[in-house]
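Working notes for the structure below.
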Amino acid sequence: MSAVLDDHAHHDEHAHHPSGIMRWIRTTNHKDIGTLYLWFSGTMFLIGGLLAMGIRAELFKPGLQVWNPEFFNQLTTMHGLIMVFGAIMPAFVGFANWQVPMMIGAPDMAFGRLNNWSFWLLPFAAMLLVISFFVPGGATGAGWTLYAPLTVQMGPGMDLAIFALHIMGASSIMGSINIITTILNMRAPGMTLMRMPMFPWTWLITAYLLIAVMPVLAGAVTMTLTDRHFGTSFFNAAGGGDPVMYQHIFWFFGHPEVYIMILPGFGIISQIIPAFARKPLFGYSSMVYATASIAILSFIVWAHHMFTVGMPVAGLLFFMYATVLIAVPTGVKVFNWLATMWRGSLTFETPMLWACGFIFVFTMGGFTGLILAIVPVDIQLQDTYYVVAHFHYVLVAGSLFAIFGGIYFWLPKWTGRMYDEKLGKWHFWLSMIFFNVTFFPMHFLGLAGMPRRVPDYALQFADYNMVASIGAFGFGLSQLLFFYIVLKATVFAQGEKAPANPWEGAETLEWTHLPSPPPYHSFETPPQVR
Amino acid sequence: MRLKSKLVAAGGIAAAMCCELATAQHNLQPPVTPIARDIYELHLLMLGICAVIFVGVFTVMFYSIYAHRKSVGHKAVPFHENTTVEVVWTIVPFIILIGMAWPATKVVLSLKDTANPDLTIKATGYQWKWGYDYLKGEGEGLSFVATLATPLDQIYGREPKAEHYLLETDQHLVVPVGKKVRMLLTAGDVIHSWWVPAFGVKQDAIPGFVRDAWFKAEKEGVYRGQCAELCGKDHGFMPIVVDVLSAEQYTAWVSEQKKKLSAAAGDSNKTWALAELMESGQKAFQANCAVCHQPTGAGIPNAFPSLIGSKVVLGPKADQISLVLHGRKGVFTPNSQMPPQAALSDTDIAAAITYTRNTWGNKAQDNVVQPADVKAARK
């Protein structure tokens, strides 16, 4: 391979397709970078999952048996930070990288080197988070929400987490700029925005949310940093500041953040359901408008996370009304998916199982969110296990199930091999059952009065905690099956070869115009979209 | 795995859960205040509406999954887009939401109305206990700290757990039945939250700010709650216990407490014998200090300093008194701290310090600390 003979006008993929580790370090190829994001996310999912096993081991029975209370707080905090920033968000970016260019008929993302840099920041940030467990004082134990002024009391692990959050935020912002530019500028001729598939649409909207709110998080954690070390009093009343201001700033980021974590999932479901119903999505433009409405509304509801801080009546009422409104576009989406299934010709391969499972369990999470939106009820349920149940229903049964669905759906395209269908179904059913065994009882625990972020509890909460812990161990083990399935189709290269389109009803460009696996550089000539 | 076996397995799990859980609680705690009752009913209404929608939506979905399968020969009917339907299923949910928000609005207005209370009590959240000050109304002037009373031996499994494990304190907040009590909430260090489920009250306790909430308990009894905002390592170990007494019992309690207060004030001035200090010192140490420094005084390496042979404990008593009153930062890591214990009484502090100076082989020169020494150090 000679730099002198490089001819950038003709990308012959075998001439200068680097190999070995340097390929992965220097790649600007959206498929490689998508793969890197997905493997990274999988690794972080295992680490975050291990922390969850630690949490549920302590909560298996009342009393302190396994960890001391400070370490328990570190477990809950880092489980949250790692799952949100290390597992869920990078997984969706991995999907964006693999799928957006192919689905819009573009040869790659707009900015290849920016794309590479966006990815490689993440393992560095992840290492900071993991190392924080081993510095004096351990990882931060202030909860993933990092409320002030508790954060001022934390050791250097808190500073490592702040640094990691800055880096991950920068990665997200750069990635979002890339996605927006790609979608707005590089669609194939004939693909107007209103003919673009739902998955790129959801990512276009998500990318704007990310650019809007990641800087706000950066602000909040920087003020925390200066309060900790440089004598400022942003969140310290004695110096003229206000701890509640931290909460406003954090949740102004935090609420759009949870929509950032679900909208791409909605996009994946919107691709899977029509494919397995063999019918077009029922209301394409409604789905686009509903997604945009959810995104816009997400900016005006943040204080529903703060209903017990002592807000005046006007504030409580405004945020209650705005929050319940989000149920409208979300309901529109669910109804549209059902109308897509209705009178279709349905088959239930693994991706469709995940999509149907998603609709069922995510909707339950939506209902508990609606209940939490009602201020007086929230007074009882805020900071209890009811909230823990709610967000795991929408994040695990929502985001994670959508991610699983997407991986089973697109793995044949990415690797050229079918995954093991029988094992895939086992993974789905085991996850579905154990997920519900783990998290459904938590609704009752919250209603009965169990607070969250506690390593021990009163005796009336013992039964359901034991059930939840058993479910959690089962759910955790079931995910090992998933990794085996992925390794089988990728690294071990076992399984039948996948055709260009194994899914009878799938109609987007990657299925209709590209082989499985697609060439390293696809759509170098854009397709004509009619 | 065939569908039938899957159903049997799921049914088995469900049955097992039902048996286990016949005794577990599934709903909010029985309400004893008008607000708690409103909340209980509002929740039931919300749950009912959601359940109806759930059944409606998933009946449709499961029917479709059953009837529209390719495997039974169903062919796809490729209809799509229908503006009327989209409008209907936007407007109807919107109307349902108004139906939910309307009753909720009334309860919000009610729960924020803290005017004209019969009794005003300030609760201060500390790491990790609650301080109560009766500010106005019958009992005015009373002041005490309530700490978790569950012994560490129960927490660590060395003793069987008592009925109110983790929900008992050494002092209870006491209020009269049928009177409107306004709670003022604040904190001494980080954000805590005062929550009693049976009252339907939860209000964050924010350092440097005062917020309020109110309740009117309609039934005598003992009601238990917990701190509801992560506040550090013992967030799960700072419960709230409220005794609701009849008017006469409350009056009796108030006068008994006032007598104790003046006795304790006298106690602050009296000179105690070493043996008395050691006896109440051991209790004060176990209740307030052992949670970090351990009952053995040995602390935990790299987390909580050992008091055995400690320079502070063996040195001049003024230094130890000052440290206990004001706390100390950065022993092991720059931002770790021993929280200030100024909320405890002079007597408790003096006794606990005396205890540390004469136990585990410690034999300090200044081995007796009187409550008066602590009182003087507060100035």
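The values are calculated or read from the model by the stated rules, or taken from the named source; none is laboratory data. Everything numeric here is computed off the predicted structure, so don't read it as measured data. A quick note on method: Cβ atoms are made from the backbone with ideal geometry, for glycine too, and the neighbour counts reach across all protein chains shown. Heavy atoms of the whole protein, side chains included, go into the accessibility calculation; ligands, DNA and RNA do not. Shrake-Rupley method; radii C 1.70, N 1.55, O 1.52, S 1.80 Å.
In segment B:168-195, how many are under 11 Å from the mean Cα position of the chain (by Cα) and part of a loop (DSSP other than H, G, I, E, B)?
1
So how many residues does segment B:38-54 have that are open to solvent by 30 Å² or more (accessible area, probe 1.4 Å) and either of a type in the set (A, V, I, L, M, F, W, C) or touching a Phe, Trp or Tyr at 6+ places or on another chain (Cβ under 9 Å) (or both)?
8
When you scan segment A:344-363, how many residues do you find that are more than 10 Å from every other protein chain (Cβ to nearest Cβ) and either not in a helix (DSSP H, G or I) or not hydrophobic (A, V, I, L, M, F, W, C) (or both)?
4
Going through segment B:349-379 one residue at a time, which ones are under 13 Å from B:Ile308 (Cβ atoms), outside any loop (DSSP other than H, G, I, E, B) and of a type in the set (Val, Ile, Thr)?
Across segment B:349-379, the qualifying residue is only B:Thr356.
Counting only residues that are more than 22 Å from A:Phe307 (Cα to Cα) and more than 9 Å from every other protein chain (Cβ to nearest Cβ), how many does segment B:93-107 have? Full working, then the answer.
The first filter runs over segment B:93-107 and keeps only residues more than 22 Å from A:Phe307 (Cα to Cα), leaving B:93-96.
Now drop any that are not more than 9 Å from every other protein chain (Cβ to nearest Cβ), which leaves B:95.
Result for segment B:93-107: 1.
For segment A:138-186, enumerate the residues that are crowded, with 22+ Cβ neighbours inside 10 Å and more than 14 Å from chain B (Cβ to nearest Cβ).
Listed by number, the residues that qualify are A:Ala164, A:Leu165, A:Met168, A:Gly169, A:Ser171, A:Ser172, A:Gly175, A:Ser176, A:Asn178, A:Ile179, A:Thr182, A:Ile183.
Hey, among the residues in segment B:263-306 that are among the hydroxyl-bearing types (Ser, Thr, Tyr) and out of contact with any strand residue (DSSP E or B) (no Cβ under 9 Å at 6 or more places or on another chain), which one's least open to solvent (accessible area, probe 1.4 Å)?
Going through the qualifying residues, I end up with B:Ser268.
How about segment B:139-176: which of its residues are closer than 15 Å to A:Phe461 by Cβ and basic (Lys, Arg)?
Matches in segment B:139-176: B:Lys161 only.
Among the numbered criteria (1) over 21 Å from B:Val108 (Cβ atoms); (2) open to solvent by less than 10 Å² (accessible area, probe 1.4 Å); (3) at the interface with another protein chain (Cβ under 7 Å from one of its Cβ atoms), which one does A:Met320 miss?
So A:Met320 meets the others, but not (1).
Here's the yes/no breakdown for (1) of a type in the set (S, T, N, Q); (2) touching a residue at least 60 places away in the same chain (Cβ under 8 Å):
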| site | (1), (2) |
| --- | --- |
| B:Thr105 | yes, no |
| B:Lys136 | no, no |
| B:Glu140 | no, no |
| B:Leu152 | no, yes |
| B:Ala162 | no, no |
| B:Arg182 | no, yes |
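Looking only at residues in segment A:412-462 that are touching a Pro at 6+ places or on another chain (Cβ under 7 Å) and at positive phi, which one is surrounded by the fewest Cβ atoms within 10 Å (Cβ to Cβ)?
A:Gly416
Looking only at residues in segment A:270-281 that are open to solvent by less than 10 Å² (accessible area, probe 1.4 Å) and farther than 11 Å from A:Met198 by Cβ, which one is farthest from the other protein chains (Cβ to nearest Cβ)?
The first filter runs over segment A:270-281 and keeps only residues open to solvent by less than 10 Å² (accessible area, probe 1.4 Å), leaving A:270, A:272-273, A:275-277, A:279.
Remaining after also requiring farther than 11 Å from A:Met198 by Cβ: A:275-277, A:279.
Numbers: A:Ala275: 11, A:Phe276: 9, A:Ala277: 7, A:Lys279: 5 Å.
Selected residue: A:Ala275.
Checking B:Ala162 against (1) under 14 Å from the mean Cα position of the chain (by Cα); (2) over 21 Å from B:Gly232 (Cα atoms); (3) at the interface with another protein chain (Cβ under 10 Å from one of its Cβ atoms): exactly one of these is not met. Which one?
Unmet for B:Ala162, out of (1) under 14 Å from the mean Cα position of the chain (by Cα); (2) over 21 Å from B:Gly232 (Cα atoms); (3) at the interface with another protein chain (Cβ under 10 Å from one of its Cβ atoms): (1).
Sort out which residues of segment A:21-42 are surrounded by fewer than 18 Cβ atoms within 10 Å (Cβ to Cβ) and either farther than 24 Å from A:Phe85 by Cα or touching a residue at least 24 places away in the same chain (Cβ under 8 Å) (or both), and write them in order of number.
Hits for segment A:21-42 are A:Ile21, A:Met22, A:Arg23, A:Ile25, A:Arg26, A:Thr28.
Of all residues in segment B:201-211, which are more than 7 Å from chain A (Cβ to nearest Cβ) and more than 25 Å from B:Pro30 (Cβ to Cβ)?
Once the filter is applied, which keeps residues that are more than 7 Å from chain A (Cβ to nearest Cβ) and more than 25 Å from B:Pro30 (Cβ to Cβ), segment B:201-211 yields B:Ala205, B:Val210.
When you look at A:Gly267, is it buried (at least 21 other Cβ atoms within 10 Å of the Cβ) and of a type in the set (Gly, Ala, Ser), yes or no?
So A:Gly267 passes the test.
Residues in segment B:125-162 that are open to solvent by less than 20 Å² (accessible area, probe 1.4 Å), among the β-branched types (Val, Ile, Thr) and in contact with a Leu (Cβ under 8 Å, 6 or more places away or on another chain): how many?
2
Could you tell me which of the residues A:Phe234, A:Phe230, A:Phe250, A:Phe276 is out of contact with any Phe, Trp or Tyr (no Cβ under 6 Å at 6 or more places or on another chain), among the aromatic types (Phe, Trp, Tyr) and closer than 30 Å to B:Lys75 by Cβ? Give the derivation first.
Numbers: A:Phe234 fails: closer than 30 Å to B:Lys75 by Cβ; A:Phe230 fails: closer than 30 Å to B:Lys75 by Cβ; A:Phe250 fails: closer than 30 Å to B:Lys75 by Cβ.
Of the residues listed, the single one that is out of contact with any Phe, Trp or Tyr (no Cβ under 6 Å at 6 or more places or on another chain), among the aromatic types (Phe, Trp, Tyr) and closer than 30 Å to B:Lys75 by Cβ is A:Phe276.
Hey, does segment A:238-250 have a residue that's within 14 Å of chain B (Cβ to nearest Cβ), of a type in the set (Phe, Trp, Tyr) and within 21 Å of the chain's Cα centre (by Cα)?
yes
Given the condition more than 23 Å from B:Lys122 (Cβ to Cβ), open to solvent by 70 Å² or more (accessible area, probe 1.4 Å) and in a strand (DSSP E or B), answer yes or no: does some residue in segment B:307-324 qualify?
Checking segment B:307-324: not a single residue is more than 23 Å from B:Lys122 (Cβ to Cβ), open to solvent by 70 Å² or more (accessible area, probe 1.4 Å) and in a strand (DSSP E or B).
Please count how many residues of segment A:364-378 are within 7 Å of another protein chain (Cβ to nearest Cβ) and open to solvent by 10 Å² or more (accessible area, probe 1.4 Å). Quick ask: steps written out before the conclusion?
In the first step, residues of segment A:364-378 are kept if they are within 7 Å of another protein chain (Cβ to nearest Cβ); the result is A:367, A:370-371, A:374-377.
Now drop any that are not open to solvent by 10 Å² or more (accessible area, probe 1.4 Å), which leaves A:367, A:370.
The total comes to 2.
Determine which member of the set A:Ala87, A:Ala106 is modelled with pLDDT of 95 or more, of a type in the set (Gly, Ala, Ser) and part of a helix (DSSP H, G or I).
A:Ala87
Please specify each residue of segment B:230-250 satisfying the condition of being open to solvent by 10 Å² or more (accessible area, probe 1.4 Å), within 12 Å of chain A (Cβ to nearest Cβ) and touching a strand residue (DSSP E or B) at 6+ places or on another chain (Cβ under 7 Å).
B:Phe237
Enumerate the pairs (first residue in segment A:47-65 and over 11 Å from A:Tyr457 (Cα atoms) and within 14 Å of chain B (Cβ to nearest Cβ); second residue anywhere and in a loop (DSSP other than H, G, I, E, B) and modelled with pLDDT of 95 or more) with beta-carbon separation below 6 Å, excluding pairs fewer than 6 apart on the same chain, so at least 6 apart or on different chains.
If the second residue must be in a loop (DSSP other than H, G, I, E, B) and modelled with pLDDT of 95 or more, no pairs are left.
For segment A:226-322, which helices (runs of 4 or more DSSP H) that fit wholly inside it have 2 or more residues that are over 30 Å from A:Val361 (Cα atoms)?
Ranges flagged: A:243-260.
Would you call B:Ala198 in a strand (DSSP E or B) and within 10 Å of another protein chain (Cβ to nearest Cβ)?
The answer is no for B:Ala198.
Just one of A:Leu338, A:Leu346 is surrounded by 24 or more Cβ atoms within 10 Å (Cβ to Cβ), more than 16 Å from the chain's Cα centre (by Cα) and hydrophobic (A, V, I, L, M, F, W, C); which is it? Give the derivation first.
Numbers: A:Leu338 fails: surrounded by 24 or more Cβ atoms within 10 Å (Cβ to Cβ).
Matching residue, one of A:Leu338, A:Leu346: A:Leu346.
When you go through (1) open to solvent by 20 Å² or more (accessible area, probe 1.4 Å); (2) part of a loop (DSSP other than H, G, I, E, B); (3) more than 28 Å from B:Ala115 (Cα to Cα) one by one for B:Tyr165, which number turns out not to apply?
(1)
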